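Engineer: One structure, pasted below without further comment.
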Amino acid sequence: MGSNRPITIGRIDYANAWPLFHNLEGHADLGNAEVIARVPSELNRMLQNGELDISAISSFAYGLNAKDYMLLPHLSVGSVGDVNSILLFLKEPIENKRPGKIALTSTSATSVNLLKIIMSMYYECNPEYVTAEPDLDSMLSEADAALLIGDPAIQASWRNEGCVCLDLGRLWNEWTGLGMTYAVVAVRREIAEAEPDAVKAVYNALLACKQYNKQHLAPLVAHACSQLGGDAAYWEMYFQSLQYDFGDKLKEGLTLYFRYSKHLGLLPDDVEPAFIEEQSAQ
C-alpha cells in the first residue's frame with residue numbers, strides 16, 4: 001500500500017458483479033491501483049490474507065472476518081426475489097423427495113450456506129454435502145442435486161434438460177419476505193485507517209461506476225451476449241433483476257442470514273455489519 005505498492009482491488013469475475021466494476025478506471029483517477037478479477041472464493045482468501053486491500057467478497061466471508069473488515073455503503077450484489085444465477089438443480093421435485101446428497105459449487109461461500117439454511121430450516125432435511133467443480137453433469141452423476149452459481153449456473157439453466165431448477169433468491173424471499181445479499185464490498189480495517197484518502201477514491205469511483213452502468217446497460221448486455229451467450233432480452237432482465245444499492249431489505253435479509261448461520265453453527269459468532277463513515281468518503 002501507499003509508497004510501497006499500489007492499492008489492490010478485487011472484483012468478482014461473474015456477470016452479476018459487472019455493474020459494480022465495468023470500466024471502473026474510467027470513473028476516477030485511481031493512480032496505480034490494481035484491479036484483480038477472481039471467483040468469489042479466491043477473493044475471499046486473498047482479502048483475508050492481505051493480498052487485497054478492498055474487494056467484493058461473499059457475504060458469508062464478511063461474516064467470518066467481520067472484525068477485520070469494514071463495509072463500503074451502497075455497494076452490494078443482491079436480489080429481492082429471483083437472482084437467476086444461484087440455482088439448485090434436482091433430479092426430482094423436492095416436494096416429492098428430499099435430496100439425500102447435494103453437490104456444492106466450489107466457487108462461493110454465501111450461496112453454499114444459504115442452501116444449508118434453506119434445507120435445514122425451510123425444508124427440514126439434512127442432506128450430505130460434497131464439494132465439486134462447477135460442472136452440472138459430473139455433479140449430478142454423484143448426487144441427487146447440484147448447486148451452481150454465477151455464469152455456470154446461468155449457462156446450465158439454458159441447456160438444462162430433465163432437472164427441476166430452484167432459484168435460491170426466490171426461495172429466500174418467499175420464506176422471509178426479505179432480500180438476500182450475496183456479495184458485499186469490504187476494506188481491510190487497517191487500510192481504512194491508514195489510507196483513508198485512497199479508500200475514499202476507490203469508494204467514490206465504485207459509486208460512480210455503479211450508477212453509470214445501471215443507467216447504461218447496453219454495453220454490459222452486448223458484452224454478456226458476446227462472452228457468455230444468450231440474447232439481449234435475457235441479459236437485460238438479468239441485470240435489472242439484481243440490486244446493487246444495499247437497500248434496507250437487503251441489509252435486513254443479510255442480518256437474518258447471519259443470525260440463521262450462527263443458529264446452525266455455520267458462523268461462530270453473532271455478526272453486526274459495520275460500515276465506513278460515509279462523511280469521510282464523499
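Engineer: Want the number for His223 to Asp269: 0.36 nm per residue separation, take away the alpha-carbon distance, what's left?
Structural biologist: 12.5 nm
Engineer: Now, a different point. Can you give the log10 of the normalised intensity I(q)/I(0) at q = 0.27, 0.28 Å⁻¹, computed with Debye over equal Cα scatterers of region 227-272?
Structural biologist: Values returned for q = 0.27, 0.28 Å⁻¹ are -0.91, -0.95.
Engineer: With a bin width of 10 angstrom, please list the P(r) values of region 86-176 as percents of all Cα-Cα pairs, from the 0 bin to the one holding the largest distance.
Structural biologist: Result returned by the calculation: 18, 58, 24, 0.
Engineer: If you take the beta carbon distance between Glu174 and Ala37 as r and set R0 to 35 Å, what does 1/(1 + (r/R0)^6) give as a FRET efficiency, to the nearest 0.05?
Structural biologist: My answer for the efficiency is 0.60.
Engineer: If I model a spin label at Ala233 and Ala194 as a point 7 Å from the Cα along the Cα→Cβ vector, what separation in nanometres do I get?
Structural biologist: So the two model labels end up 5.3 nm from each other.
Engineer: Using the reciprocal of the averaged 1/r over all distinct C-alpha pairs, how large is the Kirkwood radius of region 9-62 in Å?
Structural biologist: 11.4 Å
Engineer: While we're here: Please name which of Tyr212, Val185, Tyr260 has its Cα lying farthest along the dipole of the chain towards the positive end, using unit charges on Cβ (Lys, Arg +1; Asp, Glu -1) and the Cα centre as origin.
Structural biologist: Looking along the dipole axis, the top candidate is Tyr260.
Engineer: With bins 10 Å wide starting at 0, give me the P(r) of region 161-282 over every alpha carbon pair, in whole percents.
Structural biologist: Here the calculated profile for region 161-282 is 10, 28, 34, 24, 4, 0.
Engineer: Using alpha carbon coordinates only, what is the Rg to Rh ratio of region 1-155, with Rh defined as the Kirkwood radius?
Structural biologist: 1.03
Engineer: Let me ask another. Please report the relative contact order for region 20-141, taking Cα pairs under 8 Å with a sequence separation of at least 6, and give it as a percent rounded to a whole number.
Structural biologist: Values: 84 pairs, mean separation 30.1, N = 122.
Here the relative contact order equals 25 percent.
Engineer: A follow-up question, please. Which one of Pro196, Tyr123, Asn160 has its Cα pushed farthest toward the positive end of the charge dipole of region 96-205, where Lys and Arg give +1 and Asp and Glu give -1 at the Cβ?
Structural biologist: Tyr123
Engineer: Related question: Give the Rg (one decimal place) followed by the Dmax (whole number) of the chain, computed from C-alpha coordinates and expressed in Å.
Structural biologist: Rg and Dmax of the chain, Cα atoms, are 18.5, 61 Å.
Engineer: Cα-based count: Lys pairs in the chain below 26 Å, eight or more positions apart or different chains?
Structural biologist: 23
Engineer: Add -39500 (n - 2.57) for each DSSP H run of 4 or more in the chain, then divide by its residues: what number comes out at 222 nm, to the nearest 500 deg cm²/dmol?
Structural biologist: Mean residue ellipticity at 222 nm (helix-derived): -11500 deg cm²/dmol.
Values quoted throughout were computed directly from the atomic coordinates according to the rules given, and no laboratory measurement underlies them. The shown structure was predicted, so the numbers you read here are calculated from the model rather than taken from an experiment. All Cβ positions, glycine included, derive from the backbone under ideal geometry; neighbour counts span all protein chains shown.
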